[in-house]
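Below is one structure, written out as structure tokens; comments come after it.
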Amino acid sequence: VSVRVSTNHRDATAMSFHCIVPGHPPVSANAFKQVASNRWIVTLECQEAINEVVAFVTEPLEPSTALGCHIASPPFEESSWHYLGAITAQAPSVVFKTRLVWTARDALPTCVQFGIELQPTAQLAARPAEMVSVEVLEAGRRIGKDLYEYVASFAAPGGGVPPPGYIVLRGDVFERWLARFNDKCARSGLDWLYNSG
């Protein structure tokens, strides 16, 4: 199975960025279409869902610049772009787990546009990468709320010291758990689920 790349524009030949859908040939900078003075995009198509994209540079970036990496699924509207993270002088290659950012509308696309944007490093450092979709965070919130309501249904009547077999929970346990869940997802997507027993 090969990745089909649209190569109808060649304005990025001076750049050294590349991307790879794992298991397929690398896509070089000359396959990207320049859409603004500091932005390039390429359309990638596979027979299977595109769950990961590797991006890298073969020549060092200037210390004060970075390449912000974005991905979108059809119909490639402004609102469908997801910010994945940045390639910097300190991190010249990155593996993006795109399956974590797709929404129900995106499904698991076999055709995507991968875009890069040359920006100041400080500007990109201030912008958190999208590690999970809003829908995943909402599903986590609803699951947590359901669990809280279920556990709360076992509360000992009348307050006081709970009888054996009952536990006491803080009133804000759900809010504290949700903040922890959102923080973990923002830092490492859903990878933390696989690292905790």
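Tabulated results
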| item | result |
| --- | --- |
| Accessible surface, per residue, of the range 83-144 when the full set of protein chains is kept, probe 1.4 Å, Å² | 49 |
| Pairwise FRET efficiency - K145 versus Q123, Cβ, R0 = 30 Å, nearest 0.05 | 0.25 |
| Fraction of accessible area attributable to carbon and sulfur, the range 17-100 (%, probe 1.4 Å) | 53 |
| Residues of the range 170-186 with amide N under 13 Å of a point placed 7 Å along Cα→Cβ from A152 | 170-176 |
| Set of lysines near K184 by C-alpha distance (under 27 Å), chain-local residues within fewer than 8 positions excluded | K97, K145 |
| Ordering of 22-29, 81-88 by packing [mean C-beta count within 10 Å, highest first] | 81-88, 22-29 |
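The values are calculated or read from the model by the stated rules, or taken from the named source; none is laboratory data. Owing to the predicted nature of the structure, the values given are computational and were not obtained by experimental measurement. Methodologically, a virtual Cβ is constructed for each residue, glycine included, from the backbone with ideal geometry; neighbour enumeration extends over all protein chains shown. Just the protein is used for accessible areas: all its heavy atoms, side chains included, with ligands, DNA and RNA removed. Shrake-Rupley method; radii C 1.70, N 1.55, O 1.52, S 1.80 Å.
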